[in-house]
Structures are given as C-alpha cells and as structure tokens.
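Report on the structure given below.
No lab work stands behind these numbers, since they all come straight from the coordinates. As the structure is a prediction and not an experimental result, all values here were calculated from the model. Every residue, glycine as well, gets a Cβ built from its backbone with ideal geometry; the counts of neighbours run over all protein chains shown.
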Amino acid sequence: MKNLKISSPLLGLILVVVFLGGLQAFMAYRVKQTAAELAEMKVQKAALDYVNEQRAMKVEALKKAEVELSDLMVKRFKDGVDFYASLNAIMSKNKMEKPLVVPISMDQGVVAAKVDVTGSYNSLLLFLGDMRQGPKGLRVDSLSVSAASKDQVKVSMSVSGLLEVTSGDR
C-alpha cells in the first residue's frame, strides 16, 4: 500500500467543510424546532385571546349589572322603632284592621316581627304592594291568608327588615 500523504492545508480544508456541514445541519434542525415552537405559541395565543375576550365580556356584563343594581339599593331602618312605625303606617294606610304585631327578633342588623291583620282582599293586595314599594326594604318571610268572613281575609305573616349597622354592631 501506498502511504497517502495529506497535506496540512488540505486537511484543514476538509475539517472546515465537515465543520460547516455539521453547523448547517444543526442550524436547520434548530430552525425547524423554533418554527414548531412558534406555531404552538400562536395556537396558545389564540386560545388566550379568546379567554381574555370572554372575560372582558363578563366584566362588561357585571359592570352593567352593578350600575343597574346600584339604583335598587334598599334603605335600612334606623332602629326597631323605625321598622315598627313604617309597618304600622303601611297597615293604617291600607285600612288593615285588628293589627297584632309581635316582635320576633332584633339582632345582627335584622329586625323581624309576626304580624296578624284582617282586611278586604283588595286591602291585602295594596298592603303587600306598599310593603314591596316602600322607601325602606320590608321582606315578607312567610305569609298565610285565610277567610275571616264573607268579604274579609285574615293574614298572618312574618316580616323582617335590615337595620343600619353602627360601629357597636360590627
């Protein structure tokens, strides 16, 4: 066999070509890998954009609801006397007869009473309507209506209202 002699410049050139070929293959691999990552990120961005759009719509709906509900804020009663006075005024206005009001409780910012009255069916409807539309929030917790006579009904109900909270109540 003949000894092949490779000159140093030729060996250097071969090494540079092999190195550049390896570098090119590595760079092609990295370009493909980066393109795949970019495509995945575009899909994730589209999903996140959709989620953000949905959340923005929910926030907008909640803001709109808050504006509408802020007009419906219920005024609270100053104390139990204010509650019973308001209840008595509504009963008198609607000609409810034989009122019997028994306090049930008054704690934690809520006052409640059991109310028994008699009146015509129309008076009852006006009475309940005035309770609902009054300047302060009266809530009917339970209601029972029965016939008292030919044109009268007897109403038994549990009513409650919210009290103003003072610093001592917290």
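Taking amide H positions as modeled 1.01 Å from N, with prolines and chain starts lacking one, the residues under 5 Å from Glu97 and 5 or more places away or on another chain are Thr118, Gly119. One decimal place: the segment Ala89-Arg132 gains 14.1 nm when fully extended, by the rule 0.36 nm per residue minus the C-alpha distance. Take every DSSP beta bridge whose two residues both sit in the chain, then give the antiparallel share in percent to the nearest 5. Restricted to the chain, the bridges split so that about 95 percent are antiparallel. Hydrodynamic estimate: the Kirkwood radius of segment 80-162 over Cα pairs, inserted into Stokes-Einstein at 25 °C and 0.890 mPa s, corresponds to D of 193 µm²/s.
Computed with the Debye formula from one identical point scatterer per Cα of the chain, without solvent, the log10 of I(q)/I(0) at q = 0.13 Å⁻¹ comes to -0.82.
Cross-link partners of Lys98 among lysines, defined as those whose alpha carbon lies under 23 angstrom from its own and excluding same-chain residues fewer than eight positions apart: Lys114, Lys150, Lys154. As a calculated quantity, the FRET efficiency between Val74 and Gln54 at R0 = 41 Å, using C-beta atoms, amounts to about 0.80. Extension gain for the segment Leu143 to Ile104, taken as residue separation times 0.36 nm less the Cα-Cα distance, is 12.5 nm to one decimal.
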